[in-house]
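Please read the structure below before turning to the comments.
The values are calculated or read from the model by the stated rules, or taken from the named source; none is laboratory data. Just so you know, these numbers come straight off a predicted model, no measurement behind them. Counting neighbours? That spans all protein chains shown, and the Cβs are built from the backbone with ideal geometry, glycine included.
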Amino acid sequence: MAPPSIDLARFPRVPLGHGPTPLEPLDRLAEHLGGARIWVKRDDCTGLALGGNKVRKLEFLLGEALAEGADTVVTVGAVQSNHARQTAAAAARLGLACELVLPRLVERSGTLFESNGNVLLDRLFGARLHIVDDAHAARERTAEILDRIRGRGGTPAFIPVGGSNATGSLGYVRAVDEFAHQCAALDLDVDRLFVAASSGGTVAGLATGWAALGAGPVVTGVAVYSDAETTREEIAAVATHTAARIGIEGPGLERVAIVDDQLGPGYGMPTEAMHEAIALAARLEGLVLDPVYTGKAMAGLIDHVRRGVVGTSETVVFWHTGGAPALFAYG
Ligand SMILES: *Cc1c(COP(=O)(O)O)cnc(C)c1O
């Protein structure tokens, strides 16, 4: 039976992505781990600018920005931000100017980090880059940029870090609808889902979407930026606002688990388990993961299967959120 649909037609949205993104089995990985049925939801294939999860958020964020008459998009992200890259590409496609404020949040030296990967693509898409030393400097620079745009009579649209607010999260409410229909067509009953979590809009949208449908898998968010408690608080705040926007209760996060045991030394810092996860996905499935987000999220999934927290008869989905361009900045 087809699941009910979530009606988001009243929210302005510009189509930017390719969809539905594929939902594919990872049988060789499952066999290697000796347990669980593992599938992957390919949001690395959202199409625009090498894909990733921010494309879904930007459809609603830029839909709103266009409706408000914006001519310039301003956003913030770490130097190797995938969100910044996808925003720059979307702005180019819509004929909007784009200014990116990129604080040095990851301690990495070497020229690759500030010239290759996402930074190379940001420049290719014609964005104006402002690489600054820390979060404080980023706030000051952002305020200056917004003043400058308004001073020349322009209309800026400011998009928060990761595109994580009630508008951006609608992209993942919509993704739940897409996913539920795919699962119904494949007769797939999913017990658990693993996804990387940093600014929280993705997990918030997923939780809100399943609250709207009244059922869904357990969502394990693998924290890659902050500790589990902070990540969970941020997700809860965005989810509450997203639910209010679509006019539903809650959602409580009873079916959301946030783990931070893959964070290692911190955001953007490599771990052994991340290296192993990237190698396994590549060598067993030809699947490309990234060092900052999906490598750590897959390490979380692998760890849960190995420890038997995920049972051998369970069906697990790895929600791939993109990020591969960062590989070329990590070398
Ligand atoms: C931004 C990002 C995430 C995290 O999504 P949030 O909504 O910020 O939690 C995960 N994976 C990749 C590749 C990203 O770029």
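Which residue out of Ala223, Ala211, Ala196, Ala236 is in contact with a Pro (Cβ under 7 Å, 6 or more places away or on another chain) and either at pLDDT 95 or above or buried (at least 24 other Cβ atoms within 10 Å of the Cβ) (or both)?
Criteria check complete, one pass: Ala211.
Would you confirm whether any residue within region 226-233 is under 14 Å from the mean Cα position of the chain (by Cα), at pLDDT 95 or above and either within 25 Å of Asn82 (Cβ to Cβ) or away from the ligand (no atom under 16 Å from the Cβ) (or both)?
Our first condition is that a residue be under 14 Å from the mean Cα position of the chain (by Cα); within region 226-233, this holds for 231.
From what's left, at pLDDT 95 or above: 231.
Pick out the ones that are also either within 25 Å of Asn82 (Cβ to Cβ) or away from the ligand (no atom under 16 Å from the Cβ) (or both) and you get 231.
Looking through region 226-233, at least one residue is under 14 Å from the mean Cα position of the chain (by Cα), at pLDDT 95 or above and either within 25 Å of Asn82 (Cβ to Cβ) or away from the ligand (no atom under 16 Å from the Cβ) (or both).
Does Ala157 meet the test of being buried (at least 16 other Cβ atoms within 10 Å of the Cβ), at pLDDT 95 or above, within 16 Å of the ligand (Cβ to nearest atom) and more than 19 Å from Val292 (Cα to Cα)? Even if it seems obvious, please write down each step before you answer.
Numbers: buried (at least 16 other Cβ atoms within 10 Å of the Cβ): yes; at pLDDT 95 or above: yes; within 16 Å of the ligand (Cβ to nearest atom): no; more than 19 Å from Val292 (Cα to Cα): yes.
Answer is no for this residue.
Please tell me if Arg128 is of a type in the set (D, E, K, R), closer than 25 Å to Arg232 by Cβ and either touching a Leu at 6+ places or on another chain (Cβ under 8 Å) or within 14 Å of the ligand (Cβ to nearest atom) (or both).
For Arg128, the condition - of a type in the set (D, E, K, R), closer than 25 Å to Arg232 by Cβ and either touching a Leu at 6+ places or on another chain (Cβ under 8 Å) or within 14 Å of the ligand (Cβ to nearest atom) (or both) - is not met.
Give me the pairs, please: first residue somewhere in region 312-323 and among the acidic types (Asp, Glu), second residue anywhere and more than 12 Å from the ligand (Cβ to nearest atom), beta-carbon distance under 6 Å, and either six or more positions apart or on two chains.
Taking only residues 6 or more apart or on different chains, the pairs are Glu314/Ala36; Glu314/Asp191.
Among the residues of region 188-200, which ones are outside any strand (DSSP E or B) and more than 10 Å from the chain's Cα centre (by Cα)?
Within region 188-200, Leu188, Asp189, Val190, Asp191 qualify.
Tally up the residues in region 291-320 that are under 24 Å from Gly51 (Cβ atoms), assigned to a loop (DSSP other than H, G, I, E, B) and β-branched (Val, Ile, Thr), please.
Adding up the residues that qualify gives 1.
Could you grab me the full set of residues in region 180-201 that are on the phi < 0 side of the Ramachandran plot and within 16 Å of the ligand (Cβ to nearest atom)?
Within region 180-201, Leu193, Phe194, Val195, Ala196, Ala197, Ser198, Ser199, Gly201 meet the criteria.
Give region 305-322 a look and list any residue that's out of contact with any Leu (no Cβ under 6 Å at 6 or more places or on another chain), crowded, with 23+ Cβ neighbours inside 10 Å and closer than 18 Å to Thr220 by Cβ, or say none.
Result: Val310, Val316, His320, Thr321.
Testing Tyr267 on (1) away from the ligand (no atom under 16 Å from the Cβ); (2) closer than 26 Å to Ile302 by Cα; (3) in contact (Cβ under 8 Å) with a residue 60 or more places away in the chain, one condition comes back false. Which one is that?
(1)
Can you run down the residue pairs with Cβ atoms below 8 Å, 6 or more apart or on separate chains, where the first is in region 225-242 and within 12 Å of Ser169 (Cα to Cα) and the partner is of a type in the set (S, T, N, Q) and within 12 Å of the ligand (Cβ to nearest atom)?
Every condition considered, the pairs that remain are Val238/Ser164; Val238/Asn165; Val238/Ser169; Ala239/Ser169; His241/Asn165; His241/Ser169; Thr242/Ser169.
Provide a single number: the residues in region 201-254 that are part of a helix (DSSP H, G or I) and of a type outside the set (Ser, Thr, Tyr). If you could, list the steps in order and put the result at the bottom.
As a first pass, look at region 201-254 and keep what is part of a helix (DSSP H, G or I): 201-213, 228-246.
Filter once more, so that each one left must be of a type outside the set (Ser, Thr, Tyr): 201, 203-207, 209-213, 228-229, 232-239, 241, 243-246.
Looking only at that region, the number is 26.
With respect to Ala204, is the statement that it is within 12 Å of the ligand (Cβ to nearest atom) and surrounded by 24 or more Cβ atoms within 10 Å (Cβ to Cβ) true?
Considered against the rule, which asks whether it is within 12 Å of the ligand (Cβ to nearest atom) and surrounded by 24 or more Cβ atoms within 10 Å (Cβ to Cβ), Ala204 comes out as yes.
Yes or no, residue by residue, for (1) more than 14 Å from the chain's Cα centre (by Cα); (2) closer than 25 Å to Gly295 by Cα; (3) not hydrophobic (A, V, I, L, M, F, W, C):
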{"residue": "Ala36", "(1), (2), (3)": "yes, yes, no"}
{"residue": "Leu58", "(1), (2), (3)": "no, yes, no"}
{"residue": "Arg85", "(1), (2), (3)": "no, yes, yes"}
{"residue": "Ala91", "(1), (2), (3)": "yes, no, no"}
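List the helices (runs of 4 or more DSSP H) that sit entirely inside region 1-101 and contain at least 2 residues that are of a type in the set (Gly, Ala, Ser) and in contact with a strand residue (DSSP E or B) (Cβ under 9 Å, 6 or more places away or on another chain).
Answer list for region 1-101: 82-94.
Inside region 50-76, can you point out the residues that are within 12 Å of the ligand (Cβ to nearest atom) and on the phi > 0 side of the Ramachandran plot?
Within region 50-76, Leu50, Gly51, Gly52 meet the criteria.
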